[in-house]
Amino acid sequence: QVQLVESGGGLVQPGGSLRLSCAASRSIFSANAMGWFRQAPGKERELVASISVSGDSTYYAASVKGRFTISRDNARNRMYLEMNSLKSEDAAVYFCNKDRAPWYYWGLGTLITVSS
């Protein structure tokens, strides 16, 4: 069964850090480059970062480059997003999925709130 489960979100102060996790079924993870996406209220979903199957190639959106780090553990079918120096504009629901269409069924996401 294809499944994506995001976790690790929460309330954080500006300048704070969080680590997100994505648990994916093996059928998704083993053969796909993966990505972290986010969607803020009233905005379209956007790709934040992506990582190749091997993990040796990554991409970051300009808005998060230098602050976020994407990684994956292929043995555990998990992907991570280390988020540092968080800003109010980072507040959104974060999702994981393949890095490009056609997408698998989207999970529920994990909510990041940035507020003092």
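The values are calculated or read from the model by the stated rules, or taken from the named source; none is laboratory data. The structure presented is a predicted model; accordingly, all values stated were derived computationally and were not measured. Ideal geometry is used to build each Cβ from the backbone, glycine not excepted, and the neighbour counts take in all protein chains shown. When the accessible area is computed, the model is the full protein with side chains, heavy atoms only, and any ligands, DNA or RNA have been set aside. Shrake-Rupley method; radii C 1.70, N 1.55, O 1.52, S 1.80 Å.
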Top of 75, 33, 101 by mean-square fluctuation, Gaussian network on the chain, Cα under 10 Å: 101
Relative contact order of the chain, defined on C-alpha pairs under 8 angstrom at six or more residues apart (%): 37
Residue of 60, 104, 94 that the Gaussian network model of the chain assigns the largest fluctuation, springs spanning Cα pairs under 10 Å: 104
Phi to ³J(HN,Hα) by Karplus 6.51 cos²θ - 1.76 cosθ + 1.60 over the range 82-98, Hz, x for Gly, Pro: 8, 10, 10, 6, 5, 10, 4, 6, 7, 5, 4, 8, 9, 10, 10, 5, 4
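Sort 20, 111 from largest to smallest accessible area, using a 1.4 Å probe on the heavy atoms of the protein chains. It would help to have the intermediate numbers written out before the result.
Details: 20 0, 111 100 Å².
If we order 20, 111 from most to least accessible, we get 111, 20.
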Helix-derived mean residue ellipticity, 222 nm - over the chain, DSSP H n ≥ 4, -39500 (n - 2.57), to 500: -500 deg cm²/dmol
Residue 72 accessible area, assembled protein chains, probe 1.4 Å, Å²: 40
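Taking R0 as 25 Å, what FRET efficiency do you get between residue 73 and residue 113 from their Cβ-Cβ distance, rounded to the nearest 0.05? Mind dumping the intermediate values first?
On the way: r = 27 Å, r/R0 = 1.07.
Calculated value: 0.40.
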Cross-link partners of residue 65 among lysines (Cα-Cα below 16 Å; sequence separation of 8 or more within a chain): 87
Solvent-accessible area, 1.4 Å probe, carbon plus sulfur percent, for the chain: 49
Nitroxide proxy distance, nm - points 7 Å out along Cα→Cβ at residue 103 and residue 89: 2.2
Stokes-Einstein D (µm²/s) once Rh is taken as the Kirkwood radius of the chain over alpha-carbon pairs, at 4 °C in 1.567 mPa s: 93
Accessible area of residue 93 in the full protein assembly, 1.4 Å probe (Å², nearest 10): 40
For residue 53, residues with placed amide H under 5 Å, excluding near neighbours: 33
Extended-chain gain in nm, criterion 0.36 nm per residue less alpha-carbon gap, residue 54 and residue 39: 2.7 nm
